[in-house]
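*Asks:* For reference, the structure I am asking about is given below.
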Amino acid sequence: MNKPVLIIMAAGMGSRYGGLKQMDPVGMNGELILDYSLFDARRAGFERAVIVIKKENEEAFRQVLGDRVSQHMHIDYAYQDLFDVPEGYVVPEVRKKPWGTGHAIYAARDLVDAPFCAINADDFYGYNAFKLCYDHLCNLKNDGDVAMVGYLLKNTLSDSGYVARGVCTMDESGHLLDLTERTHIIPSMDGPLMTEDMHTYTRLSEDTVVSMNMWGFPAAMMQAIKDGFPRFLNEDVPKNPEKAEYFLPMVVDTQLSAGKARVSVLTTPDKWYGVTYAADKQEVVDALKRMHENGEYPTPLWQ
């Protein structure tokens with residue numbers, strides 16, 4: 001088996017954040033959140049990463065990441081492009097953006113022939129998450145052996161506004177039964193609250209396990225992603241050509257329903273950090289500063 005590869009989805013623009021947040025420094029020496037993901041992944045065992053970007057942002061990524069990362073890991077770039085679709089498919093004129101997280105992994109199809117971990121570029125996952133995922137990928141049981149790193153809901157909320165989270169239901173063995181996207185969750189003095197209509201709120205347990213889009217896939221999942229994309233374009237896009245998205249959980253759900261996959265939920269107690277809103281940045285900066293001061297990370301990050 002080829003060594004596991006890290007795929008980082010970095011082509012998205014942060015609409016609520018107001019810019020290309022993947023390139024916003026948060027570390028004490030100008031490091032990006034992406035730096036910390038690569039650093040943690042490397043010490044967990046990953047030796048190669050594929051960063052999925054927009055072609056027009058390649059030079060910016062190369063300039064910002066520079067040689068400090070490439071000295072420690074092999075880095076490749078893949079390009080997510082709206083017009084990267086199967087032969088014979090015509091992109092609707094109203095469509096202006098690429099096709100979602102599943103399409104981001106699809107963009108790396110020619111660069112990855114090994115088990116892979118998929119993450120967002122603008123999320124701080126912590127070392128334990130990468131170690132859990134890497135160890136799982138090194139000990140796969142079969143082609144349907146999928147992992148999802150789960151976080152406790154209380155460790156993923158933002159004080160700046162609502163968040164969307166994939167709420168997990170698991171069996172007694174810790175295998176995923178259902179992943180339900182909840183699009184509006186807010187913190188409150190009485191615990192997290194969710195709503196679907198902005199009028200009725202339902203309380204969620206602080207210890208609810210949620211997905212932060214960190215997945216561990218066997219190499220065979222790349223073929224499932226490739227096979228599912230034409231079906232999405234033929235069945236889902238005609239219903240909403242402007243905004244329909246091919247999400248990774250959609251592929252996983254299809255495999256689960258067909259009995260072709262089983263998802264182990266690997267729960268980490270660590271706190272997740274992200275910059276959903278511009279106001280979140282200072283919390284991330286302060287948290288990383290504390291981690292450096294506590295010796296969790298060297299200063300500067302890449303020695």
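*Asks:* Where does the chain land at 222 nm, in deg cm²/dmol rounded to the nearest 500, when only DSSP H runs of n ≥ 4 count, each adding -39500 (n - 2.57), divided by all residues?
*Replies:* Values: 7 runs with 82 residues, N = 303.
Calculated at 222 nm, the ellipticity per residue is -8500 deg cm²/dmol.
*Asks:* Tally Lys and Arg at +1 and Asp and Glu at -1 over the other residues with C-beta under 15 Å from the C-beta of PHE46: what net charge comes out? Walk me through the numbers on the way to the answer.
*Replies:* Numbers: positive: LYS3, ARG42, ARG43, ARG48, LYS131; negative: ASP35, ASP40, GLU47, ASP76, ASP135.
Every neighbour counted, the sum reads 0.
*Asks:* Got a sec to turn the phi values of region 260-266 into Karplus ³J(HN,Hα) couplings, 6.51 cos²θ - 1.76 cosθ + 1.60 with θ = phi - 60°, whole Hz, x for Gly and Pro?
*Replies:* These are the phi-based 3J(HN,Hα) values: 9, 8, 9, 10, 7, 8, 9 Hz.
*Asks:* Using every Cα-Cα pair within the chain, state what percent have a distance larger than 36 Å. Mind dumping the intermediate values first?
*Replies:* Values: 5841 of 45753 pairs.
Distances greater than 36 Å cover 13 percent of the Cα pairs.
*Asks:* Which value, in Å to one decimal place, does the Kirkwood hydrodynamic radius take for region 79-162 when every pair of different Cα atoms is included? Could the numbers behind the result be given before it?
*Replies:* Details: mean 1/r = 0.0622 Å⁻¹.
Taking the inverse mean of 1/r over all distinct Cα pairs, region 79-162 comes out at 16.1 Å.
*Asks:* OK, next. Label points 7 Å out from Cα along the Cβ direction at ARG62 and ASP110: separation in nm?
*Replies:* Computed distance between label sites ARG62 and ASP110 equals 1.7 nm.
*Asks:* Hey, can you rank 118-124, 169-175 by average C-beta count inside 10 Å, highest first? Let's see the in-between values first.
*Replies:* Numbers: 118-124: 23.9, 169-175: 11.4.
Output ranking for 118-124, 169-175: 118-124, 169-175.
*Asks:* Continuing with the same structure: Roughly how many debye, to the nearest 20, is the charge dipole of region 59-162 about its Cα centre, given +1 on each Lys and Arg Cβ, -1 on each Asp and Glu Cβ, and no other charges? Walk me through the numbers on the way to the answer.
*Replies:* Details: 9 positive and 15 negative charges, 66 e Å.
Here the size comes out at about 320 debye.
*Asks:* While we're here: If you take the Cα Rg of region 95-141 and divide it by 2.2 N^0.38 Å, with N the number of residues, what do you get? Spell out each step's value before the answer.
*Replies:* Working: Rg = 13.3 Å, N = 47, 2.2 N^0.38 = 9.5 Å.
Dividing the Cα Rg of region 95-141 by 2.2 N^0.38 Å gives 1.40.
*Asks:* Follow-up. Roughly speaking, what % of Cα-Cα pairs in region 1-159 are separated by over 28 Å, rounded to a whole number? Don't jump to the answer; show the numbers that get you there.
*Replies:* On the way: 2882 of 12561 pairs.
Value for region 1-159: 23 percent of Cα pairs lie more than 28 Å apart.
*Asks:* Taking a ≥ b ≥ c as the square roots of the Cα gyration tensor eigenvalues, with a/c under 1.5 meaning rounded and otherwise prolate when a/b beats b/c, else oblate, which class fits region 166-250?
*Replies:* Values: a/c = 3.15, a/b = 1.44, b/c = 2.19.
It is oblate, given that a/c is not under 1.5 and a/b is not larger than b/c.
*Asks:* Any of LYS96/LYS239; LYS243/LYS289; LYS3/LYS260; LYS141/LYS226; LYS141/LYS243; LYS3/LYS289 with alpha carbons more than 27 Å apart? Name them for me. Show your work: numbers first, answer last.
*Replies:* Working: LYS96/LYS239 16 Å; LYS243/LYS289 38 Å; LYS3/LYS260 23 Å; LYS141/LYS226 22 Å; LYS141/LYS243 37 Å; LYS3/LYS289 32 Å.
Among LYS96/LYS239; LYS243/LYS289; LYS3/LYS260; LYS141/LYS226; LYS141/LYS243; LYS3/LYS289, the Cα-Cα distance tops 27 Å for LYS243/LYS289; LYS141/LYS243; LYS3/LYS289.
Coordinate-derived values only; no laboratory data. Fair warning: this is a prediction, and the values are worked out from it, not measured in the lab. Note that we place each Cβ from the backbone using ideal geometry, even for glycine, and neighbour counts take in every protein chain shown.
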